[in-house]
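The values are calculated or read from the model by the stated rules, or taken from the named source; none is laboratory data. All figures in this text were calculated on a predicted structure; none of them were measured in a lab. For neighbour counting, all protein chains shown are included, and Cβ atoms are generated from backbone atoms with ideal geometry for every residue, glycine included. Quick note on the areas: whole protein, heavy atoms, side chains included, nothing else; ligands and nucleic acids left out. Shrake-Rupley method; radii C 1.70, N 1.55, O 1.52, S 1.80 Å.
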Amino acid sequence: MLNRTRLLLYVNVALFIYSVSEMIKVLLVHNNFLSQFFNNLSTNIKTLTTKISSTITSWQSLIYLLIFALLIFLLLKFWRFTFILLEIISALLIIDYAILFIQHEVKYESLFVIAVMVITVMNIWQTSKDSNLL
């Protein structure tokens, strides 16, 4: 069964992913390294998916679901690596936000999202430590 510690960990990971996606939406508006990286990644993925034949594209949702399930399984199996990856992602987003803030391209409007991201990373760390995952 799911105990409270694991449930809290899953909720914090989901909240972290949501805050990261919201922060990426804010940062993609501006022309910087992160927006160029994601734009290049999306165009490469789009050209890859358009080259797939029509028989494969009907199974596209199922393939994405299987890849997502495999990704979640691997993230849970290798939790220490996953936690380091979460820290790196949050650090890069905070650095990118700080650079844009210094350049006066963004204001304080996304500071709440950064606070949620930092708090969820701290909660994930504490919950993982309490449940002996780290």
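Ranked from the most accessible area to the least, with a 1.4 Å probe and all protein chains present, what is the order of Leu8, Leu133? Walk me through the numbers on the way to the answer.
Working: Leu8 90, Leu133 40 Å².
So, going from the largest accessible area down, we get Leu8, Leu133.
Multiply the residue separation of Ile24 and Asn40 by 0.36 nm, subtract the distance between their alpha-carbon atoms, and state the gained length in nm to one decimal.
Details: separation 16, 0.36 × 16 = 5.76 nm, distance 1.44 nm.
Working it through step by step, the gained length comes to 4.3 nm.
Can you tally the net charge around Val118? Count Lys and Arg as +1, Asp and Glu as -1, for every other residue whose Cβ sits under 15 Å from the Cβ of Val118.
That sum, taken over residues with Cβ under 15 Å, equals -3.
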